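Below is one structure, written out as structure tokens; comments come after it.
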Amino acid sequence: MRTPFVVGNWKLNKTIAEALALVTELKNQLGSVRGVAVGVAPVFTALHSVAKRLEGSSIATCAQDVFWESSGAFTGEVSAPLLADAGVTWAIVGHSERRQFFGDTNETVGKKARAALAAGLGAIVCVGEMLAERDAGRTLDIVDSQLAGGLVDIAGDVATQRLVIAYEPVWAIGTGRTATPAQAQEVHAHIRKRLTEQYGAQVAQAVRIQYGGSVKPSNAEALMSQPDIDGALVGGASLEASDFIAIVKAARPS
Ligand code: 13P
């Protein structure tokens, strides 16, 4: 029903040459994999070269962030139309590292998501609680407010086609401590319930919800076989072709 979507978020890693070496291997080795959508998110400086190298493959080139204005006096920013011009087809918005270190808020995440979608890109909207929030029993409240801000003014037909939610519990990112499949499924089901309230069941059933946070070849299948987990947003394990390929293969519907 929903095609799982596995994206490698490379974060601040890899030169252009290293990026090209990795995507060339992915292109060669994933050409025959069916039933899974795949993307990579390199740093801005490698996006254009990577998109060119991936031409003719089904692997999508994704940006790790996007600014909400199209052009103008915004030193240091990159807009959605310019990402599209570079060959990018998806943008990640609201990653917890952007929220923690660069001041992204629920409101600016919403602006970024709308800008990406308006430029014809897909938007991967990240949500997830911090450890203290989970321990205080506030996980679902936090996710609710992140969704409420992130999905302002996004129409149902656009959401169906090009909206992805990534649930990334902050305490599981880069820590080696992953959510259990049951913990992740609980939040994913809650997110789908919220999508159903906002858009109705048809749209909510179409939107893919990725899990992110220490996804590895050893835990990928157990996580992605949960009914509401539709792929993964992979950090560290996406930097090695063999690990990332194993995770993509684990996403195939059985
Ligand atoms: P890790 O897979 O390294 O935990 O990172 C997850 C993440 O933040 C993906 O966006």
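The values are calculated or read from the model by the stated rules, or taken from the named source; none is laboratory data. None of these values were measured; they are calculated from a predicted model. Backbone-built Cβ (ideal geometry, glycine too); neighbour counts: all protein chains shown. Note: areas computed on protein heavy atoms with side chains; ligands, DNA, RNA excluded. Shrake-Rupley method; radii C 1.70, N 1.55, O 1.52, S 1.80 Å.
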query: Within the accessible area of region 140-247, what % is carbon and sulfur when the probe is 1.4 Å and the other protein chains stay in place?
result: 51
- line: For region 1-117, the percent of accessible surface on carbon and sulfur atoms (probe 1.4 angstrom, ligands and nucleic acids excluded) is 52
Spin-label model distance (nm) - residue 13 vs residue 153, 7 Å beyond Cα toward Cβ: 3.6
- request: Note the full-extension length gain between residue 44 and residue 2 as 0.36 nm times their separation in residues minus their Cα-Cα distance, in nm to one decimal.
  value: 12.2 nm
Amide N proximity, region 1-43 versus residue 252 label position 7 Å along Cα-to-Cβ, cut-off under 14 Å: 4, 29-37
field: Per-peptide average of other Cβ atoms within 10 Å, ordering 35-43, 89-97, 19-27 highest first
entry: 89-97, 35-43, 19-27
- request: Keeping every protein chain in place, order 141, 65 by accessible area at 1.4 Å, biggest value first, i.e. largest first.
  value: 141, 65
task: Please give the net charge around residue 145, taking every other residue with its beta carbon less than 13 angstrom from that of residue 145, where Lys and Arg add +1 and Asp and Glu add -1.
output: -2
message: Only sites in a loop by DSSP and with at most 11 other Cβ atoms within 10 Å count here; which trypsin sites (Lys or Arg not before Pro) in region 109-194 make the cut?
response: none
statement: Computed over the chain, protein heavy atoms only, probe 1.4 angstrom, the accessible area per residue in square angstrom equals 43
Accessible surface, 1.4 Å probe, highest first, among residues 187, 33: 33, 187
- request: Along Cα→Cβ, 7 Å out, is where each label goes; now give me the distance between the ones at residue 182 and residue 52 in nm to one decimal.
  value: 5.2
field: Restraint check, 27/193; 111/193; 52/193, Cα-Cα greater than 30 Å
entry: 27/193; 52/193
- prompt: Fully extended, how many nm does the chain gain between residue 71 and residue 205 (0.36 nm per residue separation, minus their Cα-Cα distance)?
  reply: 44.7 nm
- line: Once the in-chain neighbours fewer than 8 apart are removed, the lysines whose Cα is under 21 Å from residue 112 read 11
